[in-house]
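See below for the structure under consideration.
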Amino acid sequence: MRRSRSFSLLEIVIVLLLISTIAGVSSCLLIPFYRSYQFQAEVEAVYALAGELQIEALTLQSDMQLLVKQEKGQWVVRSHSEEVALKPQRIELSHVETVAGGEESIVFYANGQIEPKKVLTFQRGVERRGVDFRRPLLIKLWREDGTQKRGV
């Protein structure tokens, strides 16, 4: 009868070293994708909040505000309303580097109008995304990757 040979400690250590090296390199390559995803998620959260404020303004017949400010070096989006029943919402944009136009206040009126009629643009590196408020009843989300602009 033949006896099977088991792995030596050196062989096991070499395999574990190779696996950990591959895992370390692959995790470093995934960091830009993770940051891009976080940036996208933050802009989509602003878009969702804007849509929610628009619906609340029409439903409650009360003006609502979306405030974009920079606090302690970080961009923050907050909702504001005179309605006591509505709790203000706050979104911290930790992955947004710049907001076009700087600090903004967008008002959703009870009659469906939005002022100012503009595009709110968020940027991180070369990636740009935004929320289009130029057509009051149809708020749009858009993105620009490098040179190409696409509607989402």
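Listing for the model above:
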| read-out | value |
| --- | --- |
| Considering residues of the stretch 31-42 that are surrounded by 10 or more Cβ atoms within 10 Å (Cβ to Cβ) and free of Cβ contacts under 8 Å to residues at least 24 places away in the same chain only, the residue farthest from R78 (Cα to Cα) | P32 |
| Boolean, S105 is within 29 Å of Y37 (Cβ to Cβ), touching a strand residue (DSSP E or B) at 6+ places or on another chain (Cβ under 8 Å) and either in contact (Cβ under 8 Å) with a residue 12 or more places away in the chain or assigned to a strand (DSSP E or B) (or both) | yes |
| Residue in the stretch 25-40 that is hydroxyl-bearing (S, T, Y) and closer than 17 Å to L141 by Cα present | yes |
| Residue tally, condition over 18 Å from G130 (Cβ atoms) and within 19 Å of the chain's Cα centre (by Cα), over the stretch 59-71 | 1 |
| Matching residues, the stretch 49-97, being of a type in the set (S, T, Y) and part of a loop (DSSP other than H, G, I, E, B) | S62, S94 |
| Enumeration of residues in the stretch 53-71 that are β-branched (V, I, T) and farther than 15 Å from P116 by Cα | I55, T59 |
| Count of the stretch 108-140 residues which are assigned to a strand (DSSP E or B) and either modelled with pLDDT under 85 or surrounded by fewer than 16 Cβ atoms within 10 Å (Cβ to Cβ) (or both) | 3 |
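The values are calculated or read from the model by the stated rules, or taken from the named source; none is laboratory data. Computed from a prediction, not measured in an experiment: that's the story for all the values here. Heads up, the Cβs are rebuilt from the backbone with ideal geometry, glycines too, and the neighbour counts pull from every protein chain shown.
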